[in-house]
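Below: the structure, in structure tokens.
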Amino acid sequence: MRGGLILVLVLVLVTLTVQAKTLTGKVVRVHDGDTLTLLVAGNQPVKVRLAGIDAPELDQPYGQKAKRALSALAFRKEARVESPGPDKYGRTLGTVFVGAVNVNAELVKQGAAWVYRAYPFPPELEGLEAQAQAAKRGLWALPVDQRCPPWDFRHKEPCGSPIVAGQAEPPELPAAGGPCGEKRTCGEMTSCEEARFYLTQCGVSRLDGDKDGTPCEALCR
């Protein structure tokens, strides 16, 4: 029994090692505030989506400035990307380093991107976001009604109150529900609003099986 368990653990570690990879090359294009193209060996372009963060869309307030922030950090520079693998769009998902600078973290620190809580992210990003928010850096200097989370903007959902950066427990769900409870499946959700709350603020990732940012499609059509 013990030998079987050890074998399973070894296989898991091997799988993770195979999936994870490091890419190096020159940043030849910046698409927006959280996506760039890296030219690797053999002049092969690789589109990279920065993990753990979500920058305003280009047609949102601060969207163009977020793109310029990423350009200032990485464009035409040699970069290293630590990637666990591709996202559902085929882009390489990863953390970008230019020299000793963690570009993903630096964008959050500058207030050029949100922490993307719908997916796993390094916990230190919350502290950086809290500092940016307190100092009113970047997008946090915008009026509250212009600080629409990009995941809401993309899906044309009403913009809720901004996430309180660094808050250990999620805020209460206004009107339609309450704080995080024990619900874990779409069948337990009573509305799209409740499903979105559990996904984005309670971290119940299983509600978004296809990883498109929209939970429980039957409710959130």
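The values are calculated or read from the model by the stated rules, or taken from the named source; none is laboratory data. Just so it is clear, the model here is predicted, and its values are computed rather than measured. Here the Cβ positions follow ideal geometry from the backbone for every residue, glycine too, while neighbour counts run over all protein chains shown.
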- Message: Against the definition (at negative phi and at pLDDT 95 or above), how does R137 come out, yes or no?
- Response: yes
- Query: Counting only residues that are acidic (D, E) and touching a Gly at 6+ places or on another chain (Cβ under 9 Å), how many does region 100-143 have?
  - Reply: 2
- Note on the structure: Over region 171-187, the set of residues charged (D, E, K, R) and either modelled with pLDDT of 75 or more or in contact with a strand residue (DSSP E or B) (Cβ under 6 Å, 6 or more places away or on another chain) (or both) is K183, R184
- Task: Can you give me the ranges of the helices (runs of 4 or more DSSP H) entirely in region 51-156 with at least 1 residues that are over 28 Å from V204 (Cβ atoms)?
- Result: 63-74, 103-110, 124-135
- The residue from K67, K77 that alone is within 20 Å of W114 (Cα to Cα), modelled with pLDDT of 95 or more and among the basic types (K, R) is K67
- Count, please, the residues in region 190-218 that happen to be modelled with pLDDT of 75 or more, in a loop (DSSP other than H, G, I, E, B) and more than 18 Å from the chain's Cα centre (by Cα). 3
- Item | Hits in region 33-48 - residues which are outside any loop (DSSP other than H, G, I, E, B) and surrounded by fewer than 21 Cβ atoms within 10 Å (Cβ to Cβ) | T35, T37, L39, V40, Q44, P45, V46, K47
- Any chance you could count how many residues in region 97-142 are out of contact with any Asp or Glu (no Cβ under 8 Å at 6 or more places or on another chain), crowded, with 19+ Cβ neighbours inside 10 Å and of a type in the set (V, I, T)? 1
